[in-house]
Structure formats: C-alpha cells, structure tokens
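Here's the structure, in structure tokens; my notes come after.
The values are calculated or read from the model by the stated rules, or taken from the named source; none is laboratory data. The structure displayed is predicted, hence computed values, not measured ones. With ideal geometry, Cβ positions are generated from the backbone for all residues, glycine too; neighbour counts draw on all protein chains shown. Each accessible area value is taken on the protein alone, full model and side chains, heavy atoms only, with ligands, DNA and RNA left out. Shrake-Rupley method; radii C 1.70, N 1.55, O 1.52, S 1.80 Å.
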Amino acid sequence: MADKKKQEDVKSSSEQTKTAPKSEAQKDAKDIKKDAEKVTKIDPKDVKIKDLEAKNSELEDKFLRSQAEIQNMNNRHKKEVAGILKYDGQKLATEILPVIDNLERALAVEVSDDAGKQLKKGIEMVQQHMVKALTDNHVTIIDNAGEKFDPTDSQAVQTVPADKDHAKDTVVQVLQKGYKLEDRVLRPAMVVVAQ
C-alpha cells in the first residue's frame, strides 16, 4: 500500500510538473501570438506613407542628378563656344599668310621710276591694311631674331656656328615670319640657329 501511495505521489508530482511548464508555454505562445497580431495589424496608412517617402527620395535623387547633368552640359557648351570664339578666323588667317608674304617680297624689290614707286606705295598700303586686320583679330607675328630658340613656335631650317655676337641656341636670322592666333601657332617661324 505504501508503494501505491508512493506511486500516486510521484504520479501527481510529475503531472504537476508537466502541467506547469505547459501553462507557461501556453502563456508564451499567447504572448507571441498577440505580438504577431500587433505586427500584422500595421496601419495601411503607415505603409502608404513609407512607400511615398521612398518614392519621394527616389524622385529627389533623380532631380538632383538631372540638375547636375544640365549644369555639366551648360559648362561644356560654354567651353566649346569660348574655344570657337577664341580661334575664330583661324582658317582665314592661315590662308592670308601667303598673300602677306608675297606683298612683303614685292616691297623688297628696288624701284627707281615714278610709276614703280607709286605701285610700290600702293602695295605697301595693302600690306599694312592686311597686317592691321590680322592684329585686330589677335594674330601676332613671331619674329624672334636674337632670342633663344624655342621649338614650339620656330622651325630651325639652318644652323651656323656660334660666335661672340650670337650665343649658342639663339636665333640668328628669321627667314620666314611665323604667326600665332592667341596662343595657337598658325605657322612656325623658319629660322637660322647658332650652334
């Protein structure tokens, strides 16, 4: 009988221990279920607000990128226009240079009669007007006799030995004038250099 009583005590205590954790587990499950219901019961307005905020930030980003691209295009355009204006007339100036050379050769001829002198005077006036038109349009002459030879704006076509009057690597004589438009060389000067 004592064994029966012991078995019943053990049985009832084990049932109590089994039921106690079950009720706690049930409580935990109920809490989790309530929390899940709270999470699933998100207000549709909140979802819509979050979607709209995301779309707004995306549109704002696209707008800023578009503004930056427009600014870059404007800067490129201004740079291109400035380059075109700066070197405007380069082709015309390049084609006029041989004409000026021929006028200067004509002026180098000695004349003795009155008709020749008058013709030479007319050629001189034309040459002066051509040179003035070039200088008014930012074309300058490269005449570097006596200066240090610079291969960026001059071309050495002949060399002579250096002496006391002409140091080494200096321009002794300009055979053909060179011309620049702003900072761009239209035609390099052909020079004789002391070596």
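Answer yes if at least one residue in the stretch 116-138 is open to solvent by 60 Å² or more (accessible area, probe 1.4 Å) and among the small types (G, A, S), and no otherwise. It would help to see each step written out before you state the result.
Within the stretch 116-138, the subset open to solvent by 60 Å² or more (accessible area, probe 1.4 Å) is 117-119, 121, 124-126, 128-129, 132, 135-138.
The next check asks that each one be among the small types (G, A, S); those that pass are none.
No: zero hits.
When the stretch 92-135 is examined, which residues are found to be of a type in the set (D, E) and either in a helix (DSSP H, G or I) or in contact with a helix residue (DSSP H, G or I) (Cβ under 7 Å, 6 or more places away or on another chain) (or both)? Spell out how you get there, then give the answer.
In the first step, residues of the stretch 92-135 are kept if they are of a type in the set (D, E); the result is 95, 101, 104, 110, 113-114, 124.
E95, D101, E104, D114, E124 - these are the residues of the stretch 92-135 that are of a type in the set (D, E) and either in a helix (DSSP H, G or I) or in contact with a helix residue (DSSP H, G or I) (Cβ under 7 Å, 6 or more places away or on another chain) (or both).
I'd like to check something: does the stretch 155-164 contain any residue that is more than 45 Å from the chain's Cα centre (by Cα) and either assigned to a helix (DSSP H, G or I) or farther than 13 Å from V193 by Cα (or both)?
Scanning the stretch 155-164 turns up at least one residue that is more than 45 Å from the chain's Cα centre (by Cα) and either assigned to a helix (DSSP H, G or I) or farther than 13 Å from V193 by Cα (or both).
Of these, D113, D88, D101, which one is under 29 Å from the mean Cα position of the chain (by Cα) and either of a type outside the set (A, V, I, L, M) or open to solvent by less than 60 Å² (accessible area, probe 1.4 Å) (or both)?
Values: D113 fails: under 29 Å from the mean Cα position of the chain (by Cα); D101 fails: under 29 Å from the mean Cα position of the chain (by Cα).
None of the others qualify; the one that does is D88.
Given the condition under 19 Å from V174 (Cβ atoms) and charged (D, E, K, R), answer yes or no: does some residue in the stretch 119-135 qualify? Break it down stepwise before answering.
From the stretch 119-135, those under 19 Å from V174 (Cβ atoms) are 127, 130-131, 134-135; that's our starting set.
After this cut, where a residue has to be charged (D, E, K, R) as well, the list is none.
Scanning the stretch 119-135, I find no residue that is under 19 Å from V174 (Cβ atoms) and charged (D, E, K, R), so the answer is no.
Residue by residue, here is whether (1) surrounded by 10 or more Cβ atoms within 10 Å (Cβ to Cβ); (2) modelled with pLDDT of 65 or more; (3) more than 30 Å from L181 (Cα to Cα) holds:
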residue	(1), (2), (3)
K6	yes, no, yes
S14	yes, no, yes
D43	no, yes, yes
E80	yes, yes, no
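Quick one: N144 ticks every box in (1) modelled with pLDDT of 90 or more; (2) surrounded by 13 or more Cβ atoms within 10 Å (Cβ to Cβ); (3) under 38 Å from the mean Cα position of the chain (by Cα); (4) not in a helix (DSSP H, G or I) bar one, so which box is it?
Here N144 clears every test but (1).
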